[in-house]
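The values are calculated or read from the model by the stated rules, or taken from the named source; none is laboratory data. Keep in mind that what you see is a predicted model, and the values were worked out from it rather than measured. In this analysis, Cβ positions are derived from the backbone assuming ideal geometry, glycine residues included, and neighbour counts consider all displayed protein chains. Remember, those area values only see protein heavy atoms, side chains included, never the ligands or the DNA or RNA. Shrake-Rupley method; radii C 1.70, N 1.55, O 1.52, S 1.80 Å.
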Amino acid sequence: MNTTQRARASQLPDIARLCLRSVHGGKRPPNAMAFQGPEGHGENIWVFAHRRTDQIIYSFNATLETKPAKLRKDYWAPMAKIAFPKGAGRIGSTVFQKLRELKHLHETAWDDSLLYKKPIEYTEDEKKAAAKRAAGNEPEPLFTRNKAERGKALNAQKANSIADIAAVLGGTGPGNKVVAAGPGPKKLVEVTVSWASILDAGYAKKWTHNVTHTELVEPIPETALPAEAEAAA
């Protein structure tokens, strides 16, 4: 690969570069593919939400632990738990990977809508200006977010995350392992999503029949602030 090709490859999004490495990197050692983690690994995915910013973290563990320990523990709480059938940890692991990839895309591949405020963000003067235009049957104005407001909007991934969960658990996307293998009609693996607030499920427009919704009644673990979220805040 010449210098120009290397420069272009370095400008690709992270997921695209990973694809390039998988094509040109040769076969992995057999042992690297054989490791599946401890028994039960991947059968449960915990979704944590930041109480103030609506940032999202996916984890295989019920507790988020990071250093230093002095970071605020009360900022994070479990939003949902995604539970797969016993022995379906490999499916859960692929779902975890897809959700992480979608989260990355939301944070890096946003469109121009991020530049403009939603009505709930309008100042009093902006509300008056919008009402005046509406009374005159004029198009709704576009008020631009400043840098801090754009960062806040970019961090707030709760609604996107729930829509992603619904789509992935519904079998959307190539290579989605939620579609059970075997002869006959394709069948989606049964999944249970337990919610700290079951009303959050309403952020998704549609849920497929294989998803059961319940309330999260397990003890809510204390959590430490994840380093990646602290950096993005």
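With respect to Arg51, determine if the residue is touching a Phe, Trp or Tyr at 6+ places or on another chain (Cβ under 6 Å), at pLDDT 80 or above and either open to solvent by 40 Å² or more (accessible area, probe 1.4 Å) or among the acidic types (Asp, Glu) (or both).
Considered against the rule, which asks whether it is touching a Phe, Trp or Tyr at 6+ places or on another chain (Cβ under 6 Å), at pLDDT 80 or above and either open to solvent by 40 Å² or more (accessible area, probe 1.4 Å) or among the acidic types (Asp, Glu) (or both), Arg51 comes out as yes.
Can you find a residue that is open to solvent by less than 50 Å² (accessible area, probe 1.4 Å), in contact with a Ser or Thr (Cβ under 8 Å, 6 or more places away or on another chain) and at pLDDT below 90 anywhere in region 94-106?
The answer is no, given that none of the residues of region 94-106 is open to solvent by less than 50 Å² (accessible area, probe 1.4 Å), in contact with a Ser or Thr (Cβ under 8 Å, 6 or more places away or on another chain) and at pLDDT below 90.
Are any of the residues in region 76-87 without any contact (Cβ under 8 Å) to a residue 60 or more places away in the chain and in contact with a strand residue (DSSP E or B) (Cβ under 8 Å, 6 or more places away or on another chain)?
Checked against the condition, which is being without any contact (Cβ under 8 Å) to a residue 60 or more places away in the chain and in contact with a strand residue (DSSP E or B) (Cβ under 8 Å, 6 or more places away or on another chain), region 76-87 yields no hits at all.
Any residue that is β-branched (Val, Ile, Thr) and not in a helix (DSSP H, G or I) - is there at least one of those in region 114-136?
yes
Kindly indicate whether any position in region 166-187 is basic (Lys, Arg) and without any contact (Cβ under 8 Å) to a residue 24 or more places away in the chain.
yes
For region 168-220, enumerate the residues that are open to solvent by less than 30 Å² (accessible area, probe 1.4 Å) and of a type in the set (S, T, N, Q).
Asn176, Ser194, Asn210
Please state which one of Ala163, Ala204 is at pLDDT 90 or above, among the small types (Gly, Ala, Ser), in contact with a Phe, Trp or Tyr (Cβ under 7 Å, 6 or more places away or on another chain) and closer than 20 Å to Gln97 by Cα.
Ala163
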